[in-house]
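Structure record follows, encoded as structure tokens.
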Amino acid sequence: MSSVEHPKLTKKDFKSDQDVRWCPGCGDYAILNSVQTAFADLGKKLHETVIISGIGCSSRFPYYMDTYGFHTIHGRAPALATGVKLSNPELDVWVVTGDGDAMSIGGNHFIHTMRRNVGLKILLFNNRIYGLTKGQFSPTSPQGKVTKSSPLGSVDYPFAPIALALGAGGTFVARAVDILGPHLQSMVKQADSHNGTSMIEIYQNCNIFNDGAFTGFTDKGARDERILYLEHQKPLLFGANKDKGIAFDAHFRPFIVEGDDLGKAYVWDETSDTPAPAMALATMDEEVFPVPIGVFRRQDKPNFEYAVKQQVETAVANNKQSIKDLIYAGEIWDVK
Amino acid sequence: MTGTDTTNGLTTSTLESGIQELDQVVIRFAGDSGDGMQLTGDQFTRTTALMGNDIATFPDFPAEIRAPAGTLPGVSAFQLRFSSFDIHTPGDAPDVLVAMNPAALKAHIGQLKKNGILLLNTASFKPLDLKKATYTVDPRTDGSLDGYRVIEIDLTARTREALTESDLDNRGKDRCKNMYALGILYWLFQREVEPTQKALALKFAKKPAIVEANLKAMAAGHAYAETVEIFQVSYTVAPAKMPAGTYRNIMGNQALCLGLVAASNQGNVPLFLGSYPITPASDVLHQLSGYKNHGVVTFQAEDEIAAVCAAIGASYTGRLGITSTSGPGVALKAEAIGLAIMAELPLIVLNIQRAGPSTGMPTKTQQADLLQAMYGRNGESPMVVIACSTAADAFEVGYEAVRIATKYMVPVMVLSDGYIANGSEPWKLPDVDALPKIEVNYAPEGKPDEKFKPYERNPETLARPWAKPGTKGLVHRIGGLEKQDITGNISYDPDNHQHMIDTRADKVARVANDLPPLVPIGEKSGDVLVLGWGSPRGAITAAVTRLQEQGHKISCAFLRHLNPLPNDLEALMRSFKKVVLPELNKGQLASMLRAKYLIDVKSYSQVNGQPFQSHAVEDYMRNVLQEVK
Ligand SMILES: Cc1ncc(C[n+]2csc(CCOP(=O)(O)OP(=O)(O)O)c2C)c(N)n1
Ligand code: SF4
Ligand SMILES: [Mg+2]
């Protein structure tokens, strides 16, 4: 480490001394790498950063970061992190969770964190499978998914985590892909600068139990045609030559426009005061439409911990009651 | 009459005019949940406490906020006992029963003492009222009330009469009838009216018409009792000789919160409460939410799991995390408590027990969550368990929980119950400057180039350092996976796992090293030792002191610390021929003691949702004394 006054940490400084134990080829490696890069770029300090996770392959994440870390219990990371943020709002708190962790067992905490707008940065590693328990379908697995617990194909309809987050009042909702490093890093940086809850759904390949779940649109050859990059105040265009676009009808039903109609492509506004366009994109059929990545919604709204802190600080500042006053309160009497 | 802790009934012999002195009285107010019985009882209690009597109360309300009016499930009651000597329970059978309707009468007449005073509101004895209470004949006419001093008053009509000039509509006027009844009792027991006048003025400060109507009704009731001579005598109870000091009437949940806040202030460790509402624990959430001026952060979570997890997050950050709930909530928190045990973080879990299993009887009392507190988690996951035994004791127990949690870096379960939570008693206020020291140390900044060791232990307590995120040089990772001692790295090493399980158990066991000696009431040896924990304390004390006065070799002792148990408990138990343990469960502590000490502890169990009656305990112990001889 250099001895300059404020040494800016490098990506390497964020690596802990623990051996990373994910399966070789797992998408989690790429995400870890991008987060370390982004954290270094952001000039974060190790001791001010806290990473809190649930349970799952993805939730091993904190052990590999040389920051404060808490590997908690299945689904509860946002709840525990809320306690951390309320207790010390100055801390930079990140939550790492999986699709099972956040959408299934922890669904309740996930939605209430969004609703309250707690200043947590949530990285949801969505591999559309339960990795750690060896490959059962998850609440984000497509219907018909054949796994050990669904030998004839699952009959469950899946959640779209982005839609769920939007529905719960999420104020920063974004999507990224494990192998699209620079884009992912940019999402991490934008999430970082957001004041309330940030949620990034990160498509992550589990090469052991759900290999290729996203290759249909993430493969080098398919990307240009199949990925729709959301860019604030720019039309929704996709294709190698940006010659196709997405427009909405009066009911916010999406349709593809090309040629002469390209000008009808919707101009993306991530700060829109209605969640309708974001919701429309979040629920688009992946088979028919390109897959949007980027920021779906960003809204400025006071965060939860700030409001709580204000109430307490004001009460403390105006306090004229000692502990003795508190105990010797109400109707008291003396016995001689 | 000397002050033994027993209730004798109001004397009826010579009904000369004048004031008769009694040493104690038990009154029970019973009516519809909408009749204001809790408020009435509460007013009588405050006034009486201020007049210097010892007092104990037992509110007993239905689970439904407003069950159908006039029905048995809708009956709400408030029993209070006041005296001129030291008492331990709200009394067994009442001397006076106020029954606002037939349902209240039916539910409570069985316990009224022979010759007791029965005040009935005749306005609600119409055929439909009787039917709702499942009476086929009017009990006032079938002789079933013979043997009581029945006083029939049309409280509704009287109250309306008194309030003819009030602007309130009839509904509003009728709401004041409880105050009319209170006025009658205030005359009967020579209570001062000023405290209630002040309290009502404060309570309804924004509604002067309501204050005025209530006070008028009370005054009218008072005057009625005085002039109409429904009672030939009135009674008075002299102030109790209590130890000198400043007193305040307190309920268990209140005292518990005050203990936590006082300890937080003493140890300079800010509090965080994560909670989800549940009867009878919600008042802890309400109370602590009002202590923001003392730096308390409260969080009403989406469920019990979130509540405890947030509390653990707070403890991780350097606040002291507390979570308050009742048995069903503790069940939900079990996994997270295990995490706190594993992460070796302080945490306080308050279980205000209620009658289970499942939803059970939420407003009724029980102590059946002891084994849940002891063993209700997966794996070897011991935690400290302490219990409060009276409303005032809850202050010290709250304080003690903070001391233990922070000194040993362990989760602590505090057991209280609905009876303690809602019952009240005069509390001799502690000298705030003389409260025991609580010393909380956070790990200091780390040295550069030196790796922080999150599981390096204090040799005396085995506590690991409390390292707050945000502190330089202490970055480390914790979690539910087994950790290598000292370094805190994940470890699947068999020897380390054995060592860590032993260490976590040892840490809890060491809490016993700084407990005060057990002091029994009575001799340190003898025929029978009655052990108790939690709310039966009052009934046991009353029963045992009476038996001692009768010359029996019986003593009693109470356990605040249930895990670990005090080191001197075994010797005390072995000094008696027989150990008996009354508990409001199926013998949970009894079985723990039998297993641990191989002593044949006799369990005396009651699980009907009601507290022990001291006379029942006395009778039971008398039989045991007989057997021992
Ligand atoms: C209370 C509880 N129930 C079940 C489990 C088992 N379990 C561990 S991880 C997991 C699912 C993980 O899936 P996901 O969140 O998608 O994470 P991934 O492994 O795919 O990254 C399950 C069911 C557990 N650890 N705790
Ligand atoms: S099982 Fe899948 S998600 Fe888990 S580490 Fe292996 S590849 Fe990654
Ligand atoms: Mg998964």
Residue satisfying condition, being within 13 Å of another protein chain (Cβ to nearest Cβ) and at pLDDT 95 or above, within set B:GLU344, B:GLU380: B:GLU344
Selection from region B:276-305 of residues that are more than 8 Å from chain A (Cβ to nearest Cβ) and under 14 Å from A:VAL308 (Cβ atoms): B:LEU288, B:SER289, B:THR298, B:GLN300
Qualifying residue in region A:59-67 (condition: over 24 Å from A:GLY167 (Cβ atoms), more than 12 Å from chain B (Cβ to nearest Cβ) and not hydrophobic (A, V, I, L, M, F, W, C)): no
Breaking point among (1) without any contact (Cβ under 8 Å) to a residue 60 or more places away in the chain; (2) within 13 Å of ligand 1 (Cβ to nearest atom); (3) closer than 22 Å to A:ASN205 by Cβ; (4) among the aliphatic types (A, V, I, L, M), for A:VAL146: (2)
Checking B:ALA336 against (1) in contact with a Leu (Cβ under 7 Å, 6 or more places away or on another chain); (2) within 7 Å of chain A (Cβ to nearest Cβ), the condition it does not meet: (1)
Top-ranked residue in region A:83-109 [being within 15 Å of the chain's Cα centre (by Cα) and within 10 Å of another protein chain (Cβ to nearest Cβ); ranked as nearest to ligand 1 (Cβ to nearest atom)]: A:GLY106
Total residues in region A:9-36, condition surrounded by fewer than 19 Cβ atoms within 10 Å (Cβ to Cβ) and among the β-branched types (Val, Ile, Thr): 2
Region A:249-274 residues that are free of Cβ contacts under 8 Å to residues at least 60 places away in the same chain, paired with ones that are hydroxyl-bearing (Ser, Thr, Tyr) and part of a loop (DSSP other than H, G, I, E, B) (beta carbon under 6 Å, 6 or more apart): none
Failed condition for B:ARG191, given (1) open to solvent by 40 Å² or more (accessible area, probe 1.4 Å); (2) closer than 30 Å to B:LEU429 by Cβ; (3) not in a helix (DSSP H, G or I): (1)
Near pairs, Cβ below 6 angstrom, 6+ apart or cross-chain, from region A:125-141 (basic (Lys, Arg)) to any residue that is modelled with pLDDT of 95 or more and more than 6 Å from ligand 1 (Cβ to nearest atom): A:ARG128/A:THR140; A:ARG128/A:SER141; A:ARG128/A:ASN210; A:ARG128/A:ALA213
First in region A:71-82 and more than 7 Å from chain B (Cβ to nearest Cβ) and without any contact (Cβ under 8 Å) to a residue 60 or more places away in the chain, second anywhere and of a type in the set (Asp, Glu) and within 16 Å of ligand 3 (Cβ to nearest atom), Cβ under 9 Å, 6 or more apart: A:HIS74/A:ASP101; A:GLY75/A:ASP101; A:ALA77/A:ASP101
Unique match (being in contact (Cβ under 8 Å) with a residue 12 or more places away in the chain, under 35 Å from the mean Cα position of the chain (by Cα) and either more than 9 Å from chain A (Cβ to nearest Cβ) or open to solvent by less than 60 Å² (accessible area, probe 1.4 Å) (or both)) among B:LEU474, B:LEU462: B:LEU462
Condition met for B:GLU570 (surrounded by fewer than 23 Cβ atoms within 10 Å (Cβ to Cβ), closer than 16 Å to B:ALA512 by Cα and of a type outside the set (Phe, Trp, Tyr)): yes
Of all residues making up region A:124-147, the number that are within 14 Å of ligand 2 (Cβ to nearest atom) and either in a helix (DSSP H, G or I) or closer than 21 Å to A:ILE73 by Cβ (or both): 13
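May I ask you to list the residues in region B:477-490 that are open to solvent by less than 30 Å² (accessible area, probe 1.4 Å), within 39 Å of the chain's Cα centre (by Cα) and within 10 Å of chain A (Cβ to nearest Cβ)?
Answer for region B:477-490, where residues must be open to solvent by less than 30 Å² (accessible area, probe 1.4 Å), within 39 Å of the chain's Cα centre (by Cα) and within 10 Å of chain A (Cβ to nearest Cβ): B:ILE478, B:GLY479.
The values are calculated or read from the model by the stated rules, or taken from the named source; none is laboratory data. Here the structure is a predicted model, which means the values were calculated and not measured. Methodologically, a virtual Cβ is constructed for each residue, glycine included, from the backbone with ideal geometry; neighbour enumeration extends over all protein chains shown. Ligands, DNA and RNA are excluded from the accessible area calculation, which covers all protein heavy atoms including side chains. Shrake-Rupley method; radii C 1.70, N 1.55, O 1.52, S 1.80 Å.
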